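Please see the structure below; I have some questions.
The values are calculated or read from the model by the stated rules, or taken from the named source; none is laboratory data. The structure displayed is predicted, hence computed values, not measured ones. Here the Cβ positions follow ideal geometry from the backbone for every residue, glycine too, while neighbour counts run over all protein chains shown.
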Amino acid sequence: MKKIVIASNNPGKLQEFRHLLEPLGIQVLPQSAFNVAEVEEPYYTFVENALAKARHANKCTGLPALADDSGICVDALNGRPGIYSARYAGEPKSDERNNQKLIEVLRNLPDRNAHYYCIIVLVRHADDPQLVITDGIWHGRIVLEPRGESGFGYDPYFFLPDLGKTAAELSIEQKNLISHRGKALARLTERIKEFY
């Protein structure tokens, strides 16, 4: 079985990556299994941050490394929180505080359209000249009251008008078919078949 280290310690992301990659015969290992600490994300774009994380995990483990950078982008906030989604309410990271801040900011705004964005970068070795990069977008809007028990991050507030549900009301199977990360991973799995 091929191995890929995931440059994340986020349990929700790890579960989604495992669900989609292990059926392809790829063993998904978190970077924490190798005592790899999270790397700084100093860049202003999703792709640069994902690349920094993937290269760091690859350098520390010697294994192909996959990293995503994703976030929620709200139209009325000019795309914020964007790359700052995980730390929107500051350190330490907290989904609850991030959601509270977002709802406070949006409470009196009529436009609460938003989308999740995800970019995934796969680095096969330290000097890989052919990075595999895929992305995905998931459109919805922010609701002011949480709904659902699944998912993580902003999912309880991310409403999908076509389904009449929030992301947190979907099963992992449903979410992986239509989410930003699911779309990016579906594109990635096609690309991985070219290399493995």
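Which members of the stretch 1-28 meet the condition of being under 22 Å from GLU40 (Cα atoms), assigned to a helix (DSSP H, G or I) and at pLDDT 85 or above?
Residues satisfying the conditions are LEU14, PHE17.
Just to be sure, is HIS139 at pLDDT 95 or above, under 14 Å from the mean Cα position of the chain (by Cα) and surrounded by fewer than 20 Cβ atoms within 10 Å (Cβ to Cβ)?
On the way: at pLDDT 95 or above: yes; under 14 Å from the mean Cα position of the chain (by Cα): no; surrounded by fewer than 20 Cβ atoms within 10 Å (Cβ to Cβ): yes.
Taking the combined requirement at face value, the residue does not satisfy it.
Okay, moving on. Go through the stretch 154-196 and count every residue that is more than 17 Å from LEU14 (Cβ to Cβ), under 16 Å from the mean Cα position of the chain (by Cα) and assigned to a loop (DSSP other than H, G, I, E, B).
1
Of the residues that make up the stretch 23-31, is at least one crowded, with 16+ Cβ neighbours inside 10 Å, closer than 21 Å to GLU194 by Cβ and among the polar types (S, T, N, Q)? Break it down stepwise before answering.
Kept after step one, since they are crowded, with 16+ Cβ neighbours inside 10 Å, are these residues of the stretch 23-31: 26, 28-31.
Filter once more, keeping what is closer than 21 Å to GLU194 by Cβ: 26, 28.
Restricting the remaining residues to those that are among the polar types (S, T, N, Q) gives none.
Scanning the stretch 23-31, I find no residue that is crowded, with 16+ Cβ neighbours inside 10 Å, closer than 21 Å to GLU194 by Cβ and among the polar types (S, T, N, Q), so the answer is no.
Within the stretch 86-97, restricting attention to residues that are modelled with pLDDT of 95 or more and in contact with a helix residue (DSSP H, G or I) (Cβ under 7 Å, 6 or more places away or on another chain), which residue is farthest from VAL123 (Cα to Cα)?
ALA89
Continuing with this model, one more query. Only one of ILE120, ILE83 is in contact with an Asp or Glu (Cβ under 6 Å, 6 or more places away or on another chain), in contact (Cβ under 8 Å) with a residue 40 or more places away in the chain and either surrounded by fewer than 19 Cβ atoms within 10 Å (Cβ to Cβ) or not aromatic (Phe, Trp, Tyr) (or both). Can you tell me which?
Step by step, each of ILE120, ILE83 is checked, and only ILE120 is in contact with an Asp or Glu (Cβ under 6 Å, 6 or more places away or on another chain), in contact (Cβ under 8 Å) with a residue 40 or more places away in the chain and either surrounded by fewer than 19 Cβ atoms within 10 Å (Cβ to Cβ) or not aromatic (Phe, Trp, Tyr) (or both).
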